[in-house]
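**Q** Below are the structure tokens for one structure; questions will follow.
The values are calculated or read from the model by the stated rules, or taken from the named source; none is laboratory data. In this text the structure is predicted, and so the values were computed from the model without any measurement. Positions of Cβ are generated from backbone atoms using ideal geometry, with glycine treated the same way; all protein chains shown enter the neighbour counts. These accessible areas exclude ligands, DNA and RNA; they are computed on the full protein's heavy atoms, side chains included. Shrake-Rupley method; radii C 1.70, N 1.55, O 1.52, S 1.80 Å.
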Amino acid sequence: MFKLAVKAIEIADKRKADFADIRIIEARRQNLSVKNGEIAGLNDTVTLGFGVRVLLRGSWGFASSNNLNRHSIELCTLKAIEIARAGAMITGKPARMAAEPPWQDFWQTPFIKDPFAVPIEKKLDLLFKTDAILRKNPRIKSATGNISFIREHQWHLTTEGSRIEQMLLSSGAGASATAISGGEVQIRSYPSTHGGQALSGGYELIETLDLAGNAERTREEALALLTAPQCPSGRKDLIIGQNQLALQIHESVGHATELDRVLGYEESYAGSSFATTEKLGKFRYASPIVNLVADATLPGGLATAGYDDDAVQAQRWHIVRNGILSGYMTNREFAHAIGAARSRGSCRADGFSNIPITRICNLSLMPGNTPYEEIIASTKDGIIMENNKSWSIDQKRLNFQFGCESGWLVKNGKKTILVKNPTYQGITPEFWNSCDAIADENHWRLYGVVNCGKGQPSQTAMMCHGSSPARFKKVKIGVKNH
Amino acid sequence: MTRPEKICERIFALAKGVQTETLIERASGALTRFADNEISQNVHNGSSTVSIRFVDNGRTSRVTLNQFDQAALERAVKTGLETLKRQKKDKNLPPLAGPRPLERGSNIFSRETAELSPLYRAQKIKNLVRICKKAGQTAYGTLENGLTSYTVANTRGVFASHLESYVIYDITVKAGSGFGWAQTQAADVEKIDFEAVNRTARLKAAMSKNPRDIKPGLYPVILEPAAAADLLSYLCAYSFGGRFYNEGSSFTSGNLGKKLLSAGLSIEDNALYGPAAGMPFDFEGQPRRRVVLVEKGVLKAVVHDRKTAAAAGTASTGHALPQPDNFTPFPLNLSVRPGGNSVEEMIKNSEKAILVTQFHYTNLLKPLNMEITGMTRNGTFLIENGKISKPLKNMRFTQSMTKAFNETEAVGRDAVLCQVWGKINCPAFKLKAFNFSSATEF
């Protein structure tokens, strides 16, 4: 592949590009889904293509194609150059790339079992078995189970001499039951919502999830929610489970610290951020017990790789240290805006056909030192929420509202009753500053986000967020209906 | 790329008698993105994929690829056929659909629009940037254009092809603490009034400077077309799809024929003709029917694919997604019937109301009453005594759509084409009561 790729580099060099790169990607995806006893998806997708990015006189051009041959690479490179020239008509601040050593390397996701080598019938059997357990009650009107795998083989060549080959592999699975009765619709998912759990690695992940073994509990929880009382409204101490905390971290810290957003480059679409650059190193984002760490080297992380799509080596760094805003997700183009000599390596593209953009890395809340049981025992009037059901946040990442699948009221240190339709809302820094307890490492879990949308044209990316359950004081629970 | 007919022939020959369906998608798109008064991203993507579905005696599989040489097709077909053997028989799985007469639909392709050059896009953006800079404003947005084509064919004789072009100009203008947004889209660039969009967004930005706080609460609301389209598109996607209807998770379940929405609200799905026209067949190559979803507030029908139609004891309306699918057939070409008021008249007739330009990050909370939450964005104003009195800081709403659209006070006379869950041509709405549940800081 590198032999083909070098054509793009030759042309870009000849046209005196400031920088250019080509990424050739061969990807295979397998998606299996069973719904209500029938196959709802059984798709094996193989794609191959390349994208060429050219920075010429401070202006970007990008073109991609699924037609992989020398002639097509030549045409696409020339197209990218033509686009960059047109863009130069209105370039105020010429784009430039932060320095990065040229890397020649091969990196691959560690895994035990190749998921594509596991027979289809074994995967389908697991889904049908899970589905049958989920539907063992007539009030379960809909049950869904899914398994998916993605393998991406990438060849990345830059005008600076980087020559990086990577093989990334991820696996995921989940199941959910929807109970409907008496004017109520309630869903319960395992191990988390929005398609379940996904991590980097092989089929071993699917085996550890034990979908079938957890189906009965999932079904019973969905049914219990049908008759559970409505979640009360008012201020309460909120204990958030790991799978919901993953989305809380994602929306209110991850996106808020993407440097392209912070600088306004997403203003017209995804929005900007309150976490502006003059706050770096000073702003109290959270209470002092909160440490949020971005880590592209994290085992199991969906954003874990040897290098990002800017050819920057994977790193680990603090976004929030002891409660203070301490870093951003950066790419090479914008790193200089915070005075950084080097990018943190958080620039990724969705496949071959999209331009790399700043992305949330794996971002995790570091464990605290309180046993989880102690957090509950020390809560007088609280609620535990698990599994995200809905999410919404404003375009500066301040006002958020999340809904969860289930809530458990806590009274005088005891988990008491199940409540339905729990929601909570807050303003990001106020909320994170109310964090007064984080459970210890025994409860630390990593959850994958597989459908993070951003960019125009729209791209999706994957990343993980790890945490132990944490408590937030006097959070606004429920929605005020006027 | 080889002609779609030839690709289908080659695939069908390789399938050796197994029922086979091909969905060929070709896309060529360019997008110039700008921020902070300069071009920040500039891309072109050309791609083609073929997705092949096999159905054989109660078994099904799908393979998708983007390489069209014989060896790649042979590998894909082999994988798909092999997968068929590795599953149990499903007695409910229907065979592939046979051919049915297709209407031609609307011509929504303009080669000129599909092929606008990067220089053309840069020039249009330059015009906006120049006036913004002069006025001390900052421009953000995108200008994109391209084409998409779909061909659906199967071994039972279905062959349907559709080609359309698009151009979308979407801008946000910042003026101090004020933001304004406007967008226009069409299949033909000749129909795009760039200057009008520039004027609207710039004026909104200027008007929304120094936004004030207002106490969250229940207010009459005037939703400009994009804001109304966001909510109604959600309502239609989750409430007027056959699967959700059959499952009982939609507010339409058991309620067809009942008047549950305001008499001012009429919605149809029409892929064939009209402003939201699109592909005149579904992803099984079946004709898309015009379906009246709501007529003067009465719930009339939901859309179906062959499978959900059979379960409901009715006929498919031609709304299948690629099969098998995990979601629901849903309407993709919505037209909301305009009323008789301009937005200016709605403002003039309001003693107190909130005017919303656009919503951000809307999401469903409860399907049965379609309770949705989201934020206002890029121009929210208080109306007092028939006039816009001041700009407001953005607010979160949490509101049942079935309730809100059962209390429609006025419907706008000018519908605008928007893209949310598919196309929706939608006018402005004035609703009697809308629950703003909390506020934000800007």
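**Q** Out of all the residues in the range B:207-244, which are β-branched (Val, Ile, Thr) and more than 15 Å from B:Gln399 (Cα to Cα)?
**A** Within the range B:207-244, B:Ile214 is the sole residue that qualifies.
**Q** Have a look at A:Lys93, A:Lys123 and point out the one that is at pLDDT 95 or above and among the basic types (Lys, Arg).
**A** Sole residue among the options that is at pLDDT 95 or above and among the basic types (Lys, Arg): A:Lys123.
**Q** Oh, and also: Mind listing just one residue for me: the one in the range B:80-104 that is touching a Phe, Trp or Tyr at 6+ places or on another chain (Cβ under 8 Å) and surrounded by fewer than 21 Cβ atoms within 10 Å (Cβ to Cβ) and, of those, nearest to the other protein chains (Cβ to nearest Cβ)?
**A** The selected residue is B:Lys88.
**Q** Moving on to the next point. In the list B:Val55, B:Val50, B:Val77, which residue meets the criterion of being assigned to a helix (DSSP H, G or I) and either more than 7 Å from chain A (Cβ to nearest Cβ) or not β-branched (Val, Ile, Thr) (or both)?
**A** Going through B:Val55, B:Val50, B:Val77 in turn, the sole match is B:Val77.
**Q** Let me ask something additional. Against the definition (in contact (Cβ under 8 Å) with a residue 60 or more places away in the chain, more than 10 Å from chain B (Cβ to nearest Cβ) and closer than 30 Å to B:Asn326 by Cα), how does A:Leu127 come out, yes or no?
**A** yes
**Q** How many residues does the range A:445-461 hold that are within 13 Å of chain B (Cβ to nearest Cβ) and either over 24 Å from B:Leu143 (Cβ atoms) or not in a loop (DSSP other than H, G, I, E, B) (or both)?
**A** Looking only at that region, the number is 3.
**Q** Same structure, new question: Working carefully through the options B:Ala182, B:Ala196, find the one that is out of contact with any Asp or Glu (no Cβ under 7 Å at 6 or more places or on another chain) and surrounded by fewer than 21 Cβ atoms within 10 Å (Cβ to Cβ).
**A** Step by step, each of B:Ala182, B:Ala196 is checked, and only B:Ala196 is out of contact with any Asp or Glu (no Cβ under 7 Å at 6 or more places or on another chain) and surrounded by fewer than 21 Cβ atoms within 10 Å (Cβ to Cβ).
**Q** Which one of A:Ser176, A:Ser148, A:Ser170, A:Ser142 is small (Gly, Ala, Ser), away from chain B (no Cβ under 14 Å) and either more than 26 Å from B:Asn363 (Cα to Cα) or touching a residue at least 24 places away in the same chain (Cβ under 8 Å) (or both)?
**A** Residue meeting the stated conditions: A:Ser170.
**Q** Failed condition for A:Lys14, given (1) farther than 30 Å from A:Val450 by Cβ; (2) facing another protein chain (nearest Cβ under 10 Å); (3) among the charged types (D, E, K, R), with all others met?
**A** Single failed check for A:Lys14: (2).
**Q** Starting from the range B:350-375, keep only residues that are within 11 Å of another protein chain (Cβ to nearest Cβ), then list their pairs with residues that are acidic (Asp, Glu) and open to solvent by less than 10 Å² (accessible area, probe 1.4 Å) whose Cβ atoms are within a distance under 7 Å, requiring at least 6 positions of separation or different chains.
**A** B:His360/A:Asp394; B:Met375/A:Asp394
**Q** So, in the range A:144-167, of the ones that are of a type in the set (Ser, Thr, Tyr) and closer than 18 Å to A:Gln313 by Cα, which residue ends up farthest from the chain's Cα centre (by Cα)?
**A** It comes out as A:Thr159.
**Q** What are the residues in the range A:34-71 that are of a type in the set (S, T, N, Q) and open to solvent by 10 Å² or more (accessible area, probe 1.4 Å), if any?
**A** Within the range A:34-71, A:Asn36, A:Asn43, A:Thr45, A:Thr47, A:Ser65, A:Asn66, A:Asn67, A:Asn69 meet the criteria.
**Q** Which condition from (1) of a type in the set (Gly, Ala, Ser); (2) away from chain A (no Cβ under 14 Å); (3) in contact with a Pro (Cβ under 7 Å, 6 or more places away or on another chain) is the one that B:Ser249 breaks?
**A** All conditions pass for B:Ser249, except number (2).
**Q** Let me ask something else. Please state which one of A:Arg284, A:Arg217 is of a type in the set (D, E, K, R), open to solvent by 30 Å² or more (accessible area, probe 1.4 Å) and assigned by TED's automatic domain parsing to the domain that holds A:Ile319.
**A** Of the residues listed, the single one that is of a type in the set (D, E, K, R), open to solvent by 30 Å² or more (accessible area, probe 1.4 Å) and assigned by TED's automatic domain parsing to the domain that holds A:Ile319 is A:Arg284.
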